[in-house]
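Everything on this sheet refers to the single structure shown next.
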Amino acid sequence: MDNETELAMIRRKKMATLIKREKAAKASNERNAKVKAEHSKLLARFLAPDATQYLEGLKKSEPAIAGRVEELVLNLVINRGFRQVLNQLDIVYIVRQLKGEGSRIRIQRDGEMTDFSDYVRETTKNGSADSN
């Protein structure tokens, strides 16, 4: 009988531990859900409709970049006190900066597309050749 009592106590302790873990997990999930809802409210408040739509499309095509953009915008709003509404152009700029892409200006001449930097290089080379 003594062994049975000890087994029952061990079972109760294990059950109490499991219940405690379950409650902690549930509380953590609820906290995460509240934080996520608050972040969604902030994004809705500080992103223009076109920016929100662009970010939703980005989530489907490049979820990692979209997540980093959201983190950056939330960091600006929460920690830096940024209070301006961001439009799609601002989000595109942030995406390009995160990807390390510079801005590109393209020129179309005679049905041919070239980068502006190539066009300037070619023009200055031709200009210096013409002056000699």
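Each residue in region 94-111 was checked for being surrounded by 14 or more Cβ atoms within 10 Å (Cβ to Cβ) and either of a type in the set (Asp, Glu) or farther than 16 Å from Glu56 by Cβ (or both), and 1 of them qualify. Selection within region 36-49: residues that are free of Cβ contacts under 8 Å to residues at least 40 places away in the same chain and surrounded by 13 or more Cβ atoms within 10 Å (Cβ to Cβ). The member of this set that is farthest from Gln88 (Cα to Cα) is His39. Looking only at residues of region 117-132 that are at pLDDT 75 or above and surrounded by 11 or more Cβ atoms within 10 Å (Cβ to Cβ), we find that the one that is farthest from Ile91 (Cα to Cα) is Glu122.
The values are calculated or read from the model by the stated rules, or taken from the named source; none is laboratory data. The model shown is predicted, which means the values in this text are computed figures rather than measured ones. Neighbour counts run over all protein chains shown; Cβ positions are idealised from the backbone, glycine included.
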